[in-house]
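Notes follow the structure.
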Amino acid sequence: MNLEKLFNLQSILDKRILEEHNLHGKSLFSKKILALQVEVSELANETRCFKFWSNKGPSSKEVILEEYVDCLHFILSIGLEKKYSDLELNVKTENKELTKKFMHLYLDINDFVVCPTKDNYKTLFEDFLHLGTELGFSFEEIEVAYLHKNSINHQRQDTGY
């Protein structure tokens, strides 16, 4: 996955949104964090990993991947806002159940809110990428899906979404 490319594309989208919605000079950090939390919840919902009361299986891989890259958009945007786009990431391999991985990701987000250091951002990003691999996505699939969703997000800006 070419992180530099993804950060650049996210930067273009972020600048467009700032300009078109007259958001220059406004702090969007807490809004981006809440958006990330909501998107992570939507992702968890599509996996259905926590729904012990239901026999219904997870959504299709395509639907889960789309939710995953929605999260990625906000993770990249938060990194750009904090100027943490120059990263070397190491994807961890931990064998935990999926529900625990989501809970860990929420803790990472909270840690980053409390202490928004580059190290905490890196941990959040690495754990997020690890979740993606656990969901069965290759880095290539994630990048292609991000590029597709990024173009949809630009189209949405074109149409006043």
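Of note:
- Checking every one of the trypsin sites (Lys or Arg not before Pro) in region 9-86 against DSSP loop status and a limit of 11 other Cβ atoms within 10 Å picks out Lys26, Lys56, Lys83.
- Rounded to whole numbers, the Karplus 3J(HN,Hα) couplings from phi for region 82-93 are 8, 6, 10, 7, 8, 10, 10, 9, 10, 7, 7, 10 Hz, using 6.51 cos²θ - 1.76 cosθ + 1.60 with θ = phi - 60°, and x at Gly and Pro.
- Ranking of Ser151, Ser85 by count of other Cβ atoms within 10 Å, fewest first: Ser151, Ser85
- Inter-label distance for Leu147 and Ser60, nm, one decimal - labels placed 7 Å from Cα along Cα-to-Cβ: 2.1 nm
- Loop sites in region 1-68: chymotrypsin sites (Phe, Trp or Tyr not before Pro), DSSP, at most 16 other Cβ within 10 Å: Phe50, Phe52, Trp53
- Region 69-150: GluC sites (Glu not before Pro) falling in loop per DSSP and having at most 13 other Cβ within 10 Å: Glu88, Glu94, Glu97
- Cα-centre dipole for region 3-156 with unit charges at Cβ (Lys and Arg positive, Asp and Glu negative), debye to 20: 380 debye
- Candidate lysines - alpha carbon under 19 Å from Lys15, same-chain residues fewer than 8 apart omitted: Lys5, Lys26, Lys31, Lys32, Lys82, Lys83, Lys149
- Per-residue ellipticity at 222 nm computed for the chain from its helices equals -23500 deg cm²/dmol, with DSSP H segments shorter than 4 residues left out and the rest contributing -39,500 (n - 2.57).
- Volume per residue that the Cα convex hull of the chain spans, once the total is divided by residue count, Å³: 118 Å³
- Cβ crowding within 10 Å ranks Cys115, Cys71 as Cys115, Cys71, fewest other Cβ atoms first.
- Put in line by how crowded their Cβ is, counting other Cβ atoms within 10 Å and starting with the fewest, Ile64, Ile33 read Ile33, Ile64.
- Toward the positive end of the charge dipole of the chain, with +1 on the Cβ of Lys and Arg and -1 on the Cβ of Asp and Glu, the farthest Cα among Leu23, Val91, Phe125 is that of Leu23.
- Angle in degrees between helix 98-114 and the longest Cα principal axis of the chain, rounded to the nearest 10: 30 degrees
- Computed extension length for Ser27-Lys83: 18.7 nm, one decimal, from 0.36 nm per residue of separation with the Cα-Cα distance subtracted.
Laboratory data are not the source of any read-out in this text; all were calculated from the coordinates shown. Small disclaimer: the values here were computed from a predicted structure and weren't measured. Note that we place each Cβ from the backbone using ideal geometry, even for glycine, and neighbour counts take in every protein chain shown.
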